[in-house]
Amino acid sequence: MVSRRDIISAVWEYDFDPGTNLVDVYVRRLRDKIDRDFPLALIQTVRGLGYTLRLPS
Amino acid sequence: MTLRRRILLYYSITLSLSLVIVGFWSWFEFNEQRDEALHGGAEAALKHDPLEETLEIILYGGLAAILLGILGGGLLMHRALRPIEELTEALEKTDVSNLSNPVPRSGNGDELDRMTAVFNRMKERLGLSFTQAREFTLNASHELKTPLTVIYGALEQMATNEQAAEVDRERAASLLEEVQRLSSIVGQLSFLARADAGLLPSARESVALDILVRDLAEETIILASGAEISVTLGECQPLSVSGDKMRLRQLLLNLADNAVKYNERGGSIEMTLVRQNDDAVFTLTNTGMALPAELRSRVFERFFRGDLAHNSATEGSGLGLSIAKSIVEAHQGVISYSVLPEGRTQVVVTLPSQR
């Protein structure tokens with residue numbers, strides 16, 4: 001599982017909380033590419049924690 | 001000697017002196033007249049009218065006294081007022097940054113010297129309370145970080161505990177979101193407190209601002225896509241500034257984020273970066289409800305959010321523009337907020353550019 005902060009520092013190398021929806025918007029785009037055409041959604045939001053890639057339980 | 005005593009003494013001396021002169025002159029004149037009368041008889045005495053003589057003496061003697069009074073008084077007042085002028089200038093130059101430098105005193109113990117001393121003491125106390133307030137924010141934000149981390153860790157465990165009931169995990173997750181918001185505000189406050197204390201670790205490297213602005217434009221397109229806001233990057237001249245790349249990215253992203261958050265569906269955002277004399281000028285213009293005129297000057301205040309923001313569901317702590325301002329000022333720049341006649345909002349950042 002990766003937190004929003006992990007994503008922010010790994011992708012943009014920001015050392016600050018940008019306070020924007022950047023991560024959410026990019027994850028949405030990623031979902032469009034990875035999950036949209038398939039019945040099983042692999043990218044899952046873990047509320048309050050971040051995102052994870054796994055088979056839905 | 002006090003100023004009052006100096007003025008009193010000067011005028012007493014001037015007045016006594018003119019009195020002595022008039023006295024001696026009269027004595028001399030009347031003596032002369034008496035001599036003439038004794039030697040030449042009444043005829044000679046009539047040549048000189050006593051009244052005329054007296055008037056003459058008063059006129060010339062008095063004129064000299066008035067002249068002396070005006071010149072001397074003027075000089076004295078000039079000398080007395082100069083320290084007041086110096087004090088006023090020092091007061092005008094006083095701001096948060098120089099509260100610890102006292103105004104030089106004349107040391108002669110007069111009223112103005114005492115006033116300067118009082119002013120210096122006031123400045124010192126003001127400086128002390130500024131430092132205390134600053135250190136308080138710095139310490140408070142630092143002290144809050146550790147417990148927040150502990151709470152975060154505990155909630156994280158609860159939220160991911162497979163054995164826990166679904167409803168408990170949900171509750172933990174919702175608390176986690178709040179803790180994150182809180183941490184983010186604490187982080188921003190700590191940033192501002194460090195900026196105020198001049199403790200921002202800021203690298204001084206050459207930063208290509210045009211590249212940052214191009215990156216920003218791309219990110220803004222992504223951010224704005226949900227609300228169908230069009231983003232255009234106008235002129236973007238190659239310009240470098242000396243500063244901290246990370247802080248400059250933070251600044252630009254802060255501004256763009258505001259431009260998206262306070263925009264309207266189907267609105268627009270425009271950015272330009274141009275050279276103006278020796279400055280790099282970044283302009284960001286966006287549509288959306290403009291702030292009422294009376295609130296515009298407060299836009300960089302901490303925790304300031306316009307009424308429109310309070311009503312809407314827009315997220316944000318109200319610290320974004322304060323942070324932007326402190327970053328700009330740490331780079332010796334200027335940031336301004338205005339509303340264009342047609343109602344669009346414009347933020348202009350001016351930074352000294354490198355050749």
Checklist entry - Near B:Gln157, within a Cβ-to-Cβ distance under 12 Å, what is the net charge of the other residues, with Lys and Arg +1 and Asp and Glu -1? => result -2
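Would you mind ranking B:Arg249, B:Arg121, A:Arg28 so that the residue whose beta carbon has the fewest other beta carbons within 10 Å leads the list?
Numbers: B:Arg249 22, B:Arg121 11, A:Arg28 14.
Least crowded to most crowded, the residues run B:Arg121, A:Arg28, B:Arg249.
Please compute the contact order of region B:134-196 in relative form: average sequence separation of alpha-carbon pairs under 8 Å and at least six residues apart, divided by the residue count, as a percent.
Working: 43 pairs, mean separation 31.2, N = 63.
So the answer I get is 49 percent.
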Next on the checklist: Can you tell me the length gained on complete extension of the stretch B:Glu166 to B:Thr149, counting 0.36 nm per residue apart and subtracting the Cα distance?
Outcome noted: 3.8 nm
Checklist outcome for this item: The FRET efficiency for B:Ile211 and A:Ser9, from their Cβ-Cβ distance with R0 = 25 Å and rounded to 0.05, is 0.80
Next on the checklist: Regarding chain B, what's the average projected area of the Cα-atom convex hull, expressed in nm²?
Outcome noted: 32.1 nm²
Item to check | Dipole axis of region B:134-196 (+1 Lys, Arg; -1 Asp, Glu on Cβ), positive-most option in B:Ser174, B:Ser190, B:Met158 | outcome: B:Ser190
Item to check | Acute angle (nearest 10 degrees) that the helix A:22-34 long axis makes with the longest principal axis of chain A, alpha-carbon atoms | outcome: 20 degrees
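Just need the relative contact order of chain B here, percent rounded to a whole number, with Cα pairs under 8 Å and 6+ apart.
On the way: 413 pairs, mean separation 40.4, N = 355.
For chain B, the relative contact order is 11 percent.
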Next on the checklist: For a quick size check, give me the Cα extents of region B:196-238 along its three principal axes, largest first, whole Å.
Outcome noted: 40, 26, 13
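Under 1.5 on a/c is rounded, so check that first for region B:139-241, then, if it is not, pick prolate when a/b is larger than b/c and oblate when it is not; a ≥ b ≥ c are the square roots of the alpha carbon gyration tensor eigenvalues. Please report the intermediate quantities before stating the final value.
Details: a/c = 3.60, a/b = 1.55, b/c = 2.32.
The shape class here is oblate.
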Checklist entry - Order of B:Phe24, B:Phe282, A:Phe38, B:Phe300 from fewest to most other C-beta atoms within 10 Å? => result A:Phe38, B:Phe24, B:Phe300, B:Phe282
Checklist outcome for this item: Amide H proximity to B:Asp279 below 5 Å, modelled H, separation 5+ or other chain, gives B:Ser353
Checklist outcome for this item: Hull surface over four for the Cα convex hull of chain A, reported in nm², is 4.1 nm²
Next on the checklist: From Cα pairs below 8 angstrom and at least 6 apart in sequence, can you work out the relative contact order of region B:3-93, rounded to a whole percent?
Outcome noted: 39 percent
Checklist entry - Taking only the alpha-carbon atoms of region B:89-213, what semi-axes of the equivalent ellipsoid follow from 5 times the gyration tensor eigenvalues under a square root, in whole Å, largest first? => result 50, 21, 9
Item to check | Ratio of Rg to Rh over region B:134-196 (Cα coordinates, Kirkwood Rh, two decimals) | outcome: 1.15
Next on the checklist: What three numbers, in Å, describe the spread of the alpha carbons of region B:3-93 along their principal axes, ordered from the longest?
Outcome noted: 76, 18, 13
Checklist outcome for this item: In terms of the alpha carbon gyration tensor, root eigenvalues a ≥ b ≥ c, rounded if a/c is under 1.5 and otherwise prolate when a/b exceeds b/c or oblate, the protein assembly as shown is prolate
Next on the checklist: Run through region B:163-214 and list the trypsin sites (Lys or Arg not before Pro) located in a DSSP loop whose Cβ has at most 10 other Cβ atoms within 10 Å.
Outcome noted: B:Arg204
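Within 10 Å of each Cβ of B:219-226, how many other protein chain Cβ atoms are there on average? Don't skip to the answer; put the middle values down first.
Values: counts 6, 2, 0, 7, 6, 1, 3, 4.
Shielding by partners across B:219-226 averages 4.
No value in this document is a laboratory result; all are computed from the given coordinates. Since the structure is predicted, the reported quantities are computational estimates derived from the model, not experimental observations. As a convention, Cβ positions derive from the backbone with ideal geometry for all residues, glycine included, and neighbour counts pool all protein chains shown.
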